[in-house]
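Step one of this worksheet: look at the structure below.
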Amino acid sequence: MKRLRWILLLAALTAAFLSAAENVVYVGTYTGKGSQGIYAWRFDPATGGLSEVGLVAETANPSFLAIHPNGKFLYAVNETSAGSVTSFSIDAKTAKLTELNHLPSGGADPCHLVVDPTGHALIVANYTGGSVSSFPLAADGTLGNAVSFFQHRGSSVNKARQDAAHAHDVALSLDNRFAIICDLGMDKLMVYRFDPKTGALTANDPPFANLQPGSGPRHFVFDAAGRHGYAISELASTITTFNWDASRGALRQIQTVFTLPADFHGENTTAEIAIHPSGRFLYGSNRGDDSLALFMIDPVTGKLKPAGRFPTGGRTPRSFAIDPTGRWLLAANQDTNDIVVFQIDRETGALTPTGRRLQVSQPVCVLFDVR
């Protein structure tokens, strides 16, 4: 508990510092229906106001973005059948991006990537390819040739969506020693050991954690203390809580909750999951119900308690992001081509629409770049 209090205090102090600074918000999109690539806005954390920068990089289907810890470089997957990853340098004054290099991702339709906290490596999940690759990063921000590649093989009970492996997400443990890969097609959370010095992945023992057949795990997040993890499952509209054994890289299920009420009728798939900077609240997005589900996190057990559901003001909230101060949430509605700004009640986690709405074609990733 003492460690947790220090973590929460540090988060509060960081939030207070950041509240005085202007941030940049980068948005990744699906191109081909009006979008040309990556867009940016300047964001005022004191008011929640945004001013448009515009198109900052032309690139195909940059559906997920990640920023280097030094703030000088940005990386994007190119979610195409060829599958690639692109590195960019960031102009600190204009927020514009300049392409550095471009490499194959190792599989079709890469949909997620992370840069490790040391800035030495990048890991990418290839959805249709059903694989994961890791790349070293040079001091100039460029991608080196892949040093790891793992092809997942398997399927599950939903033959329309789970006929093969579909890697969908990469999450690194807080100690930077393990990578968790959500595989929607196999209903597994694959666990790999990670060497930040080389960027290499190796199979862990135990190699994975199972989810209920037909769940379709999509994204995964660790809590602030690194003792629990949460997987949002796209096909079942559930969130599963795990105890995390950091010494072995082992996950153990302790709870599963639904993101929808018991009386919901209709089609729904979940998408993004995120924990509030305070560590007290967890959010998950519903596509179909077009809402954000809110849960309270028990600080001791890590278990979730439903605490509300909030319409996103548009259709198909594929992504959302919480600003570093914890005061604002930006929800990206892919099929209404907009991003809606909400104010967060920092006592309850409840969301209130501010009336601010950004127009961008098919937004699929929202990323805060803190300056």
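Since every read-out is calculated from the coordinates, none of them should be taken as a lab result. In this text the structure is predicted, and so the values were computed from the model without any measurement. Don't worry about glycine lacking a Cβ; one is built from the backbone with ideal geometry, like all the others, and counts go over all protein chains shown.
Backbone N atoms of segment 86-121 closer than 11 Å to the 7 Å Cα→Cβ label point of residue 22 belong to residues 93-95. Its DSSP H runs of at least 4 residues, each contributing -39,500 (n - 2.57), put the calculated 222 nm mean residue ellipticity of the chain at -1500 deg cm²/dmol, to the nearest 500. Once the Kirkwood radius over Cα pairs is known for segment 283-371, the Stokes-Einstein relation at 37 °C and 0.692 mPa s delivers a diffusion coefficient of 246 µm²/s.
Near the amide H of residue 215, within less than 5 Å, lie no amide hydrogens of residues on another chain or at least 5 residues away, with H placed in the peptide plane.
In percent, rounded to a whole number, the relative contact order of segment 172-296 is 17, using alpha-carbon pairs under 8 Å and six or more apart.
Shown in residue order for segment 311-324 are the 3J(HN,Hα) couplings computed by the Karplus curve 6.51 cos²θ - 1.76 cosθ + 1.60 at θ = phi - 60°: x, 8, x, x, 10, 6, x, 6, 9, 7, 8, 9, 5, x Hz (x for Gly and Pro).
Pairs over the 20 Å Cα-Cα cut-off, from the set 93/197; 72/96; 72/93: 93/197. Cα convex hull, the chain: 125 Å³ per residue, rounded to a whole number.
Determine which lysines satisfy two conditions relative to residue 188: a Cα distance under 20 Å, and not lying fewer than 8 residues away in the same chain. Candidates past the 8-residue exclusion: 159. When only Cα pairs below 8 angstrom with a gap of at least 6 residues are kept, segment 76-149 shows a relative contact order of 26 percent. Restriction of the trypsin sites (Lys or Arg not before Pro) in segment 68-173 to DSSP coil positions whose beta-carbon has at most 14 other beta-carbons within 10 angstrom yields 93, 153, 159. Sites count as exposed loop sites when they are GluC sites (Glu not before Pro), lie in a DSSP loop, and have at most 12 other Cβ atoms within 10 angstrom; the longest stretch of the chain without one is 1-266. Residue 65 sits among other residues whose Cβ lies under 15 Å from its own Cβ, and their net charge, with Lys and Arg +1 and Asp and Glu -1, is -3. Straightening the chain between residue 300 and residue 203 buys 31.9 nm, computed as 0.36 nm per residue apart minus the Cα-Cα spacing.
Between amide H atoms placed 1.01 Å from N, distances below 5 Å from residue 31 occur with 61, all of them 5 or more places distant or on a separate chain. Take the alpha-carbon centre of segment 58-90, take the same for segment 137-189, and report the distance between them in whole Å. Centre-to-centre (Cα) distance: 17 Å. The residues packed around residue 155, meaning those with a beta-carbon under 12 Å from its beta-carbon, carry a net charge of +1 if Lys and Arg are +1 and Asp and Glu are -1.
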